[in-house]
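Enquirer: Starting off with a structure, shown below.
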Amino acid sequence: MRAVRLRALDAVELEDVPEPIAGLGELVIRVTAAGVCGSDRHMVSGDYPSTPPVTLGHEVEGVVVGGGPGSSLPMGTRVAIDPNISCLQCRYCRAGLFSHCTQLHAIGVDRDGGLAEMLSVPERQAYVLPASLPTGFGALCEPLACCLRAMDHAGVKPGDSVVVLGGGVIGQLLAQLARLAGARVFLATRQREKRDLAESLGAAATVDPGAVGFVEAVAGLSGLAPGGVDVALEAAGVAETFALAMDVVRRAGTVVVVGAAPKSAVVHVRPFDIFERELRVLGSHLNPLTHGRAVDLAASGQLDLAPLITRAVGLNEAPEVLMGEPKRGEIKVHVIPSS
Ligand code: NAP
């Protein structure tokens, strides 16, 4: 079968590989859609850790076509895959802190993933999808699950004002979730196309975070949220937007860092500012215990997911997508192995 393999840093190729075999408690999944994530590009460049050689693809949906001893899901079941596998035994797992597992490893990062015709997964990583769910929505459940984790941390309440910094799939999902929670949402991203999309999906206003006077436009006395927003969600993964989030949040407000900044990124922060303004600054990493909720939410129809899938490509085109820069206005590229 065909698989998109990260052979080494900066080396992605479409290869012919043996079909996967289901081990004890595992399923074989025929992939119907797999998303290309910014983290995949970071794995290719070495900015995000991975274990090559490995088949990429951690945002995966598919159909059960095989099962090893001890598995139970029937053939033909549609599933979404939670890629993050925790050991369930370490001190963090035993405390329910699964994303802090000392043995944490991930499908499409450390073991073969879904940018392929098929993959094998532990059955406990599979979440059943309703048959009626449009193709691609199951693959979007992985980023959605990460956003649910961030929303749980943020504690957004009806009537809150929320700024989301970053207009990629994470930012667009967070903006929709915050609106669903009853907040007035402002989305900050540089590209006009992404601001237009956010407005069409319900953002009350959008702003260019690169423009002069951004902080004043959001938190100034005649700004969108005079005195500052209740919650700022950093979803660009750059130092500049973290700094802006700290500047536009109100006293006793909450900043959640959802974006993955480069490890080397450094920001000038005044401890006095956090102390005296009583800011809550939280990190949000991965999707512990939120994948099932993401599936339920995707199936509920309460989110507008279709506009987030900008284009679909075949496996042949996937290496080029992974090695290149995202196109202007592009939110999510899905790889459809059957096309
Ligand atoms: P993405 O498509 O790259 O979106 C990030 C957006 O940030 C871009 O659309 C870009 O839009 C904006 N941006 C980039 N540089 C900026 C800057 N200097 N100032 C202002 N905006 C800037 O990525 P994504 O898939 O939405 O993911 C967003 C971040 O979340 C990434 O860092 C990713 O690694 C991380 N992530 C975290 C989790 C988690 O578990 N917490 C899960 C998945 C992803 P413009 O060009 O329009 O500004």
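The values are calculated or read from the model by the stated rules, or taken from the named source; none is laboratory data. Keep in mind it's a predicted model, so treat the numbers as computed, not measured. Ideal geometry is used to build each Cβ from the backbone, glycine not excepted, and the neighbour counts take in all protein chains shown. These accessible areas exclude ligands, DNA and RNA; they are computed on the full protein's heavy atoms, side chains included. Shrake-Rupley method; radii C 1.70, N 1.55, O 1.52, S 1.80 Å.
Enquirer: Against the definition (among the basic types (Lys, Arg), over 19 Å from residue 79 (Cβ atoms) and surrounded by 12 or more Cβ atoms within 10 Å (Cβ to Cβ)), how does residue 277 come out, yes or no?
Expert: It is true that residue 277 is among the basic types (Lys, Arg), over 19 Å from residue 79 (Cβ atoms) and surrounded by 12 or more Cβ atoms within 10 Å (Cβ to Cβ).
Enquirer: Name the strands (runs of 3 or more DSSP E) wholly within the range 277-339 that hold at least 1 residues that are in contact with a His (Cβ under 6 Å, 6 or more places away or on another chain) and within 16 Å of the ligand (Cβ to nearest atom)?
Expert: Once the strands (runs of 3 or more DSSP E) in the range 277-339 are filtered for at least 1 residues that are in contact with a His (Cβ under 6 Å, 6 or more places away or on another chain) and within 16 Å of the ligand (Cβ to nearest atom), what remains is 280-283, 309-313.
Enquirer: If you don't mind, there's one more thing I want to ask. Among the residues of the range 139-160, is any over 30 Å from residue 97 (Cα atoms) and either within 11 Å of the ligand (Cβ to nearest atom) or within 20 Å of the chain's Cα centre (by Cα) (or both)?
Expert: For the range 139-160, residues over 30 Å from residue 97 (Cα atoms) and either within 11 Å of the ligand (Cβ to nearest atom) or within 20 Å of the chain's Cα centre (by Cα) (or both): absent.
Enquirer: Right, something else. Restricting the first residue to the range 246-259 and requiring it to be closer than 15 Å to residue 150 by Cβ, which pairs with a second residue that is within 14 Å of the ligand (Cβ to nearest atom) and among the aromatic types (Phe, Trp, Tyr) meet a Cβ separation below 7 Å and a spacing of at least six or different chains?
Expert: As it stands, the answer is 257/242, since those pairs meet every condition given.
Enquirer: Sticking with this structure for a sec: Residues to consider are 243, 239; find the one that is near the ligand (Cβ under 9 Å from one of its atoms) and either open to solvent by 50 Å² or more (accessible area, probe 1.4 Å) or touching a residue at least 12 places away in the same chain (Cβ under 8 Å) (or both).
Expert: Result of the check over 243, 239: 239.
Enquirer: Could you say which residue among 159, 228 is at positive phi and surrounded by fewer than 18 Cβ atoms within 10 Å (Cβ to Cβ)?
Expert: 159
Enquirer: If you don't mind, another one. Counting only residues that are within 16 Å of the ligand (Cβ to nearest atom) and hydroxyl-bearing (Ser, Thr, Tyr), which one in the range 40-80 is surrounded by the fewest Cβ atoms within 10 Å (Cβ to Cβ)?
Expert: If we take residues in the range 40-80 being within 16 Å of the ligand (Cβ to nearest atom) and hydroxyl-bearing (Ser, Thr, Tyr), then 45 is surrounded by the fewest Cβ atoms within 10 Å (Cβ to Cβ).
Enquirer: Something else about it: Go through the range 108-154 residue by residue and tally those that are open to solvent by 20 Å² or more (accessible area, probe 1.4 Å), at pLDDT 95 or above and assigned to a loop (DSSP other than H, G, I, E, B).
Expert: Total meeting the criteria: 7.
Enquirer: Something else about it: Against the definition (closer than 30 Å to residue 15 by Cβ, out of contact with any Pro (no Cβ under 9 Å at 6 or more places or on another chain) and either of a type in the set (S, T, N, Q) or surrounded by fewer than 21 Cβ atoms within 10 Å (Cβ to Cβ) (or both)), how does residue 252 come out, yes or no?
Expert: The answer is no for residue 252.
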